Amino acid sequence: MTELFDADTVAKARNLIDRYPQSRSALLPMLHLVQSVQGHVSQEGIAFCAQQLDLSEAEVSAVATFYTMYKRRPCGEHLVTVCTNTLCAALGGDAIYRQLGEHLGVGHEEVAGEPGAPGSIMLEHAECLAACDLAPVLQVNYEYYDKQSPESAIELVKALQRGEKPAPTRGAPLTDFKGAELQLAGFFPEDEQTYRSEVDGPSQAVETLQGARLAAERGWTAPVMEDVPLPEVEKK
Ligand code: FES
């Protein structure tokens, strides 16, 4: 375990634990920390979390296998997620997923190339990525590429395979899967300028703000909520 998770990772795990009143609350970010080291959550990663948090391996496994963001098989340098939920699917998401699968020669949660090696890519389909107004969308390491087509998606993936990092439509600049996982664990550079360069980016789209803009122009407001007292809840 010590070979996989060095002193720096252990220090980061202790740092995470210190952020919460109860240590077990640090499990979700700690699983991201494990993925930032290994590129997935291995059995050793589960044992590491269990040991750090004084949980059983079964408790950690139950969480790691519940959430799709925790990968049980080694990921590629990049994770490409295609939304195939209703709206995206109808506007081309199914075709994007199918054609990317054919281009890469892989299916759901399979890796094209040697996992972790430069240019390797894990492909997955996902439910709604909460960007329906910009459908069809895909993500690379959870950064958004809006209004895609099969052609633009294949060009994007080819660029990733060449080692390029095309700028996402919105959000932070593209890193790689392990780098994104370290951010999801809650670790960023201390230097403000470096930190800003890693996380800053355009965060909103015109389409997303359209409703708010129309409401402002037309003076529409939401109905006032009555101040209803909350029901008493039995004390635990
Ligand atoms: S259906 Fe694709 S983002 Fe909502």
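The values are calculated or read from the model by the stated rules, or taken from the named source; none is laboratory data. Predicted model only: the values in this text are computed from it and were never measured. Every residue, glycine among them, receives a Cβ derived from its backbone with ideal geometry; neighbour counts consider all protein chains shown.
A few notes on this one:
- Close contacts from region 68-92, counting a first residue that is under 13 Å from GLN139 (Cβ atoms) and a second that is among the aromatic types (Phe, Trp, Tyr) and away from the ligand (no atom under 15 Å from the Cβ), with Cβ to Cβ under 9 Å and a gap of 6+ residues or different chains, come to HIS78/PHE177; LEU79/PHE177.
- Look at (1) more than 16 Å from the ligand (Cβ to nearest atom); (2) within 22 Å of GLU207 (Cα to Cα); (3) not basic (Lys, Arg) and you find that LEU156 fails only one, number (2).
- For GLY107: the one exception among (1) in a loop (DSSP other than H, G, I, E, B); (2) within 28 Å of GLN38 (Cβ to Cβ); (3) in contact (Cβ under 8 Å) with a residue 40 or more places away in the chain; (4) more than 9 Å from the ligand (Cβ to nearest atom): (3)
- Within region 140-153, the set of residues being within 14 Å of the ligand (Cβ to nearest atom) and either of a type in the set (Lys, Arg) or part of a loop (DSSP other than H, G, I, E, B) (or both) comprises TYR142, ASP146, LYS147, GLN148.
- Considering residues of region 65-90 that are surrounded by fewer than 19 Cβ atoms within 10 Å (Cβ to Cβ) and of a type in the set (A, V, I, L, M, F, W, C) only, the residue farthest from the ligand (Cβ to nearest atom): PHE66
- Positions within region 110-139 being more than 14 Å from the ligand (Cβ to nearest atom) and in contact with a helix residue (DSSP H, G or I) (Cβ under 7 Å, 6 or more places away or on another chain), in sequence order: ALA112, GLY119, ILE121, LEU123
- The lone criterion from (1) farther than 24 Å from ASN15 by Cα; (2) not assigned by TED's automatic domain parsing to the domain that holds VAL157 left unmet by LEU91 is number (2).
- Within region 64-88, the residues that satisfy the criterion of being hydrophobic (A, V, I, L, M, F, W, C), under 16 Å from the mean Cα position of the chain (by Cα) and not in a strand (DSSP E or B) are ALA64, PHE66, MET69, CYS75.
- Close contacts from region 188-205, counting a first residue that is modelled with pLDDT under 90 and a second that is among the hydroxyl-bearing types (Ser, Thr, Tyr), with Cβ to Cβ under 7 Å and a gap of 6+ residues or different chains, come to PRO189/TYR195.
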